[in-house]
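Read the structure below first, then the notes.
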Amino acid sequence: MALTQTQQFQPGMGLTTTKAPFIEVARSRGELYIEQPYELYSEENHEAWRRLYARIQDRWQRYATEKFLEGVSKLCLDPNRVPRLDDVNRFLAPLTGFKAKAVSGYVPAYIFFDCLRRREFPTTITVRDINSLDYLPEPDIFHDIAGHVPMHTDKRFADTLVRFGEAAHTAARIVQEIKDPELQVQRIISITRALARFFWFTIEFGLMRGRNGELKVYGSGLLSSYGEIAHAIESPDVQRYPIQLEWVINQYFEIDHYQPLLFIVDSFDHLFDLVDQLERWMLEGKLNNVAPGEPTMSEEDIRSFLEAVVD
Ligand SMILES: [Fe+2]
């Protein structure tokens, strides 16, 4: 009898970022959607979660947007243990229909956006190494569950993510209609670059004007970073500007250091309207030749748009 995936692994052996045999096996088998083998988390993984969660509390209170704080309390996360996705979803799904869905690693661009359209959030289940709590280039469960998912409890924000997924669907339809293969790839790269930049400067690193005019954080990259959340609001080295779509889609970014440039929205209604505008511009051809530079699109990303099922 074939062993199931979980039976090959010892309880408590760890699901540490870049050091998890369970993830390596899943990826080698081409399995993108996986279960969360909860018993594999080590005590060190739980301790890493506990420390990350404890130290960021004050910073959330000070810098996070109100909607995020409300989301945190609605999710009832355990401060001491890595969250079970099933538990998170029990609180989340009744609010907005969103669900965290465990994945084995990088999700090609179209597949990621299409998940949002279905109100599924591809979620990393590994935990960063306890010796490098401050920085890691890969997402981990703290980034995805503590940084992203509380925002998904807000109806308007959740609708914005779905709208974004619909825009990606429109992009796939547009590029699949192009007959010339070279032009087709050029278009995918340009449009996807514009979408990725928008996502980066809003969902990942967005700032919002608070009730009394003060700046608040709603971007998950900031909300899951103890150092950068304060830097984003306090540092004189950061440029902060009201968001302009034509700027954002042409603005390259780098992922390996604190962001020097951040954009501010007025509200989640404003953000939703911007996604509408983004899709309109796409249909008008305004995303066909955005400025070159980061992010680069992988073969997998390009293929995901070509192979997308569009109805
Ligand atoms: Fe993220």
Nonlocal Lys pairs with alpha-carbon distance under 23 Å, the chain (8 or more apart, or different chains): 13
Sequence-distant residues sharing a close amide H with GLU120 (under 5 Å, placed H): LYS99
Of all DSSP beta bridges in the chain, antiparallel share, percent nearest 5: 25
Length-normalised contact order of region 44-162 in % [C-alpha pairs under 8 Å, at least 6 apart]: 32
Segments 107-118, 174-185, 140-151 sorted - mean Cβ within 10 Å per residue, highest first: 140-151, 107-118, 174-185
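Using a Förster distance of 22 angstrom, determine the FRET efficiency expected from the C-beta separation of ALA93 and VAL309, and round it to 0.05. Please report the intermediate quantities before stating the final value.
On the way: r = 25 Å, r/R0 = 1.12.
Between ALA93 and VAL309 the formula returns 0.35.
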Alpha-carbon Rg with Dmax, taken over the chain, Å: 19.3, 64
Distance in nm between pseudo-label sites at ILE178 and GLU138 (7 Å out along the Cβ direction from Cα): 3.3
Between region 33-104 and region 114-132, the alpha-carbon center distance in angstrom: 11
Burial order of peptide ranges 194-204, 208-218 (average beta-carbon count within 10 Å, highest first): 194-204, 208-218
Ordering of 271-281, 120-130 by packing [mean C-beta count within 10 Å, highest first]: 120-130, 271-281
Gyration tensor over alpha-carbon atoms, region 49-163, equivalent ellipsoid semi-axes in Å: 21, 18, 13
Region 30-122 - percent of accessible surface contributed by carbon and sulfur, probe 1.4 Å: 47
5 angstrom amide H check on ILE125, placed H, neighbours 5+ away: VAL103
222 nm mean residue ellipticity, helices alone, for the chain (DSSP H n ≥ 4; -39,500 (n - 2.57); rounded to 500): -14000 deg cm²/dmol
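The values are calculated or read from the model by the stated rules, or taken from the named source; none is laboratory data. All values reported here derive from a predicted model rather than from experimental measurement. As a convention, Cβ positions derive from the backbone with ideal geometry for all residues, glycine included, and neighbour counts pool all protein chains shown. SASA here: full protein model, heavy atoms, side chains in, ligands and nucleic acids out. Shrake-Rupley method; radii C 1.70, N 1.55, O 1.52, S 1.80 Å.
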